[in-house]
1. Below 8 Å, C-alpha to C-alpha, sequence gap of six or more: please give me the relative contact order for segment 114-217 in percent.
2. Once you keep just the Cα pairs under 8 angstrom separated by 6 or more residues, what percentage relative contact order results for segment 2-212?
3. Considering only C-alpha atoms, what is the centroid distance from segment 27-99 to segment 142-170, in Å?
4. Report the FRET efficiency, 1/(1 + (r/R0)^6), for Lys190 and Lys34, where r is their Cβ-Cβ distance and R0 is 22 Å, rounded to 0.05.
5. Let's test the formula: R0 of 41 Å, r as the Cβ-Cβ distance of Arg75 and Leu136. What FRET efficiency results, to the nearest 0.05?
6. How far is it, in nm, from the label point at Leu197 to the one at Met1 when both lie 7 Å from their Cα along the line to the Cβ?
7. Could you tell me what a quarter of the Cα convex hull surface of the chain works out to, in nm² with one decimal place?
8. Given 0.36 nm per residue, what is the gain on full extension from Ala206 to Asp62 after removing their alpha carbon distance, in nm?
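No value in this document is a laboratory result; all are computed from the given coordinates. A quick note: this is a predicted structure, and the numbers were derived from the prediction, not measured. Note that we place each Cβ from the backbone using ideal geometry, even for glycine, and neighbour counts take in every protein chain shown.
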Amino acid sequence: MKFFVDTAILSEIEELNDYGLLDGVTTNPSLIAKSGRDFKEVIAEICAVVSGPVSAEVAAMDAAGMMAEGDRLARIADNVVIKLPLTLDGLKACRHFTAKGVKTNVTLCFSANQALLAAKAGATFISPFVGRLDDLNLDGMALIRDIRTIYDNFGYGTNILAASIRSANHVKEAALAGADVATIPAAVIKGLASHTLTDKGLDQFAKDWAATGQSIL
Ligand code: G3P
């Protein structure tokens, strides 16, 4: 499963990229607002650091507006992916970009039927929001499993991008459910490396090694 980081904060992206843990980046208008940065400027900076797909979301609500904004965003860098909302207009814009060979990420997906429509529109990525379904006491991961089954039934090439991931458990469950990608907050990605028994074992090894008085170099 590929890892995208869900952030518009460049320092977080650079740090994860240095660890070799990053396959791509997703942003949304809320994350851009949180970064306090100019949208197009920050997308250009992210694309200069990360070679994988970088999702940049349109703000328009109508298909023509989405197409115009998407065209502008696609000019920023070759690895920009146009993020479009899962509405009829968003699907129309998705079809337009797919025909032009521009990659798309159809976002705000909360049902299997929505995901089916996105695949039919030729979306590169579909973003089902796991955490926001869980917030409503619904089963976000069941949606990932349903989409996996439907896409496999018909051989759709749209990549399932598990979004609104909030915890390490979400990451594991998304991998088990067959998501192609998970977009994850930076802190959750870093937390995946932690285990209390790793820390405890390392502490003991360090003490025992020091007692030998040896040096490797
Ligand atoms: O990028 C979309 C998504 O990951 C949002 O997550 O935590 O705001 O539901 P969240």
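1. Details: 117 pairs, mean separation 24.3, N = 104.
It rounds to 23 percent for segment 114-217.
2. RCO, segment 2-212: 16 percent.
3. 21 Å
4. 0.75
5. Details: r = 38 Å, r/R0 = 0.93.
Rounded to the nearest 0.05, the efficiency is 0.60.
6. Going from the Leu197 label point to the Met1 one covers 2.1 nm.
7. Approximately 14.7 nm², given one-decimal rounding.
8. Gain on extension, Ala206 to Asp62, equals 45.8 nm.
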